[in-house]
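Have a look at the structure below, then the notes.
Nothing in this text is a laboratory measurement; each read-out follows from the coordinates by a stated rule. Quantities reported herein were computed from a predicted structural model and do not represent experimental measurements. As a convention, Cβ positions derive from the backbone with ideal geometry for all residues, glycine included, and neighbour counts pool all protein chains shown.
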Amino acid sequence: MAKKESLPNFEVRFEGADLSPETIALRYVSDALAAVQDLASGRDPFESAQVPPERGIGLVDVRSGSAVYSCVSRDPTLAKANLARVGSLLSANGEPLDDNGLIAALPSIHSLSDIARLMGCRVAVFWGRRRLFSIVESAYRELASRVLLEGDTTVVGTVQRVGGATTTRCLLRVAGRKRGLYCDVKGKNLARRLGQCLYQEIAATGTAIWIHRNWRIYRFTIRDFSQPRLGDSKKAIQQLRNAGLASWDKVADPESLIRD
C-alpha cells in the first residue's frame, strides 16, 4: 500500500527578480526554513536546543522554475497561530506577542532579515492564499526600534554555565525571572573568571537590551563583574541594636506606638 503523501500547510517564498531554486545558495534556504520552523513552533533558541518533533515542519515540494518552498507542519493549528502573530508583531499597528513569545521570535526575525539583505529579496510566508508576513532587510531594525531599548546596567544573578562552541556565553539565574538569562561575554579572560564562580552569585556590569514595555532584559553583554562580600550577620544585627534599635525592647506595645 502506497504511503499517503502529506499535503502542504504553508509556503515560504523568496520574492525578487530572477530568483529560482537553482540560483539560491542552499545555506540560505536551510537557514530560512530553520528560522520559519522556530517561528511556527514558538521555540525559544535560548532555552531549547531543538524544536520538539511534534511541532516540527517538513519540506514537501519545491516548485519548478520558482523560489516557493511548500511545507507541512505536524501541528498546523499551533503553527498557523504562531505565524499569524509574527505578522501582527511586524505590523506597525499590530499587537505585540507576550514577552516570552517576543523574545523567542526576535532571533528568527533577525536571521530572516539578514537573509533578505544578503539575497536582495523578500522572504514571505503564505498560509493558503493568505500572506501571513513578509520580511525585508530592514524588518528587524524597524521592529527593534519599536520594542527595544539599550543601555548600561548591573545584573545580579547566579552563574549556571559558561562556555560555547562558537561564541562564549554565560547563563545567569536571576531572581524574579522564570527563564535563565544568556549573556554574551567580552573576552576569554573574563570567561575564565566567570567559570571560577560557577553556582555563585555575582554582580555583572555591561550593556543590556530591554523590552521597553516592562524593562525585561532581552540580551545582556557582560564587561566585568564583582562578587558581593557578605559579613557576619550576627555582628551586623548587634551593630544595628547598638545604633539605637535596642530601644524598642523597652516599648511595651510597639505596634500601638507606631500607629499613634
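Length gained on full extension, GLU15 to ALA49: 9.3 nm, using 0.36 nm per residue less the C-alpha separation. Projecting the alpha carbon convex hull of the range 117-163 along each direction and taking the average yields 7.0 nm².
Between LEU118 and ILE209, the contour length at 0.36 nm per residue exceeds the Cα-Cα span by 30.2 nm.
Histogrammed with a bin width of 10 Å, the alpha carbon distances of the range 75-224 distribute as 10, 34, 30, 20, 6, 0 percent, first bin at zero. Rounded to 0.05, the FRET efficiency of the GLU142 and ARG223 pair, given R0 = 25 Å and the Cβ-Cβ distance, is 0.35.
Remark: the LEU149-CYS197 segment gains 14.3 nm on full extension, using 0.36 nm per residue and subtracting the alpha carbon distance.
Take the alpha carbon gyration tensor of the range 148-225, find the square roots of its eigenvalues, order them as a ≥ b ≥ c, and report rounded if a/c is under 1.5; if not, report prolate when a/b exceeds b/c, else oblate. It comes out prolate by the Cα gyration axes. When the Cα atoms of the range 16-127 are aligned to their principal axes, the ranges along those axes come out at 39, 32, 24 Å in descending order.
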